[in-house]
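See below for the structure under consideration.
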């Protein structure tokens, strides 16, 4: 397809966009998917990342999208081989954020040389709008989260220098009150887990708030069909364009399923396997993982659980988890660790249920793949995502947990799974019906293309604005 031309004085120039994600795979690949959608529709896209990540990104990125590399500055305490947050402790993740901050002069030079009309950036790089403004470039904060997560910053009534409070969280505006009813203490702590930085460093939360406040526009990875109240609320409160991109699911997962896992899954009837995974950056305690595995055994359904620990987990705890690895329940269960191709697993015919942490990508991949959803949020945006799915859309169930500390029991795991997997369950009937409606939206022919074209139109209008 030919390049999309801008109207006005630059009518002979294509719309040029630079994509600048943070160094976390859960952030990188939504940027990849947005890049692909734009490139197919004639936008000239350039993707920025580290040299070591180019081979992995290149596998999924449109061949017409060039990748430009930048280098991280050396930071005391940050090993030179750490290039993403995958498996990082919070201490290392903070050092990685500091290293990203130190790239500011380098990124400024790249943007000055490329001279795009728009730079699409991640919340961690909250300094991008200031750099872009000096260069006459429009900045768009792309939330790899959904609209309700960004709306939460408005719900708290915060500026970049204010701190969140329980009072603000318990008194949301009427538009979203159903999502925030009956907030428990452990949920509050989880939602505010990113609200405090270390020492003088900016927290993830303050970076997000700053990005919302200082960007020229906000892009959210969602649709009106799924999140109309949150998108409308954002639009009314932010006083700047809010651009829905669609959920940006790839047309088909890349790669092949590991033969060992494929062989194991092939043994079971359609829709019977419970798949449990918490992404690359969310972790349960080893004690809770062991409780989870016992709960999965009690469901009487086949299960595949992918359980990981952080790099700084004590050796004795890692050994406890290693003892859980392998087949369980006479071959009916499988526990493994490391990276797996989650989208492919959730599209396998045998898989019928996903227990996940409530990351937005995991939610939409599971729903689109035909899985029932059982939510077990761990931190940050995962809590409002869970509220959206359980309370507003009623398309998922949540594992019941102790109010003050979030502890869950094996019996709670069993109850939640069987609620959505056993046909006779009254609650499960409602949830399954709503899950099916959500899947129809996600699979609706042409919907993503409509959102992509609408997004490009809004970008073009943004560039033409003063």
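Tabulated data for the structure shown
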read-out: Number of the exception - residue 449 against (1) modelled with pLDDT of 95 or more; (2) surrounded by 15 or more Cβ atoms within 10 Å (Cβ to Cβ); value: (2)
read-out: Residue check for residue 358: in a loop (DSSP other than H, G, I, E, B), free of Cβ contacts under 8 Å to residues at least 40 places away in the same chain and crowded, with 22+ Cβ neighbours inside 10 Å; value: yes
read-out: Residue within the range 436-450 that is closer than 25 Å to residue 191 by Cβ and touching a helix residue (DSSP H, G or I) at 6+ places or on another chain (Cβ under 7 Å) present; value: yes
read-out: Test for residue 36: is it over 23 Å from the mean Cα position of the chain (by Cα) and in contact (Cβ under 8 Å) with a residue 12 or more places away in the chain; value: no
read-out: Residues within the range 327-355 that are in contact with a strand residue (DSSP E or B) (Cβ under 9 Å, 6 or more places away or on another chain) and outside any loop (DSSP other than H, G, I, E, B), tallied; value: 15
read-out: Index of the failed condition, residue 350 passing every other in (1) within 22 Å of residue 148 (Cβ to Cβ); (2) touching a helix residue (DSSP H, G or I) at 6+ places or on another chain (Cβ under 8 Å); value: (1)
read-out: Residues within the range 121-156 that are within 16 Å of residue 248 (Cβ to Cβ) and over 15 Å from the mean Cα position of the chain (by Cα), tallied; value: 1
read-out: Matching residues in the range 50-72 - criterion: being touching a strand residue (DSSP E or B) at 6+ places or on another chain (Cβ under 6 Å) and part of a strand (DSSP E or B); value: 67, 68
read-out: Positions within the range 391-423 being in a helix (DSSP H, G or I) and either under 20 Å from the mean Cα position of the chain (by Cα) or assigned by TED's automatic domain parsing to the domain that holds residue 184 (or both), in sequence order; value: 391, 392
read-out: Condition broken by residue 403, with the remaining ones in (1) in contact with a helix residue (DSSP H, G or I) (Cβ under 7 Å, 6 or more places away or on another chain); (2) over 30 Å from residue 270 (Cβ atoms); (3) modelled with pLDDT of 95 or more satisfied; value: (3)
read-out: Strands (runs of 3 or more DSSP E) contained in the range 223-321 and holding at least 2 residues assigned by TED's automatic domain parsing to the domain that holds residue 399, touching a helix residue (DSSP H, G or I) at 6+ places or on another chain (Cβ under 9 Å) and under 18 Å from residue 413 (Cα atoms); value: 273-277, 303-306
read-out: Members of the range 117-148 found to be crowded, with 24+ Cβ neighbours inside 10 Å, touching a strand residue (DSSP E or B) at 6+ places or on another chain (Cβ under 7 Å) and assigned to a helix (DSSP H, G or I), listed by number; value: 128, 132, 147
read-out: Lone qualifier among 86, 64 - being touching a helix residue (DSSP H, G or I) at 6+ places or on another chain (Cβ under 8 Å), within 25 Å of residue 115 (Cβ to Cβ) and surrounded by fewer than 20 Cβ atoms within 10 Å (Cβ to Cβ); value: 64
read-out: Residue among 453, 429 that alone is outside the structural domain of residue 219 (by TED's automatic domain parsing) and assigned to a helix (DSSP H, G or I); value: 429
read-out: Candidates 388, 459, filtered to the one that is surrounded by 18 or more Cβ atoms within 10 Å (Cβ to Cβ) and in the same structural domain as residue 150 (by TED's automatic domain parsing); value: 459
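For every residue, the table says whether it meets (1) surrounded by 18 or more Cβ atoms within 10 Å (Cβ to Cβ); (2) touching a residue at least 24 places away in the same chain (Cβ under 8 Å).
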site: 213; (1), (2): no, yes
site: 221; (1), (2): yes, yes
site: 263; (1), (2): no, no
site: 281; (1), (2): yes, yes
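The values are calculated or read from the model by the stated rules, or taken from the named source; none is laboratory data. Keep in mind it's a predicted model, so treat the numbers as computed, not measured. Here Cβ is always computed from backbone atoms with ideal geometry, including for glycine, and neighbour counts include all displayed protein chains.
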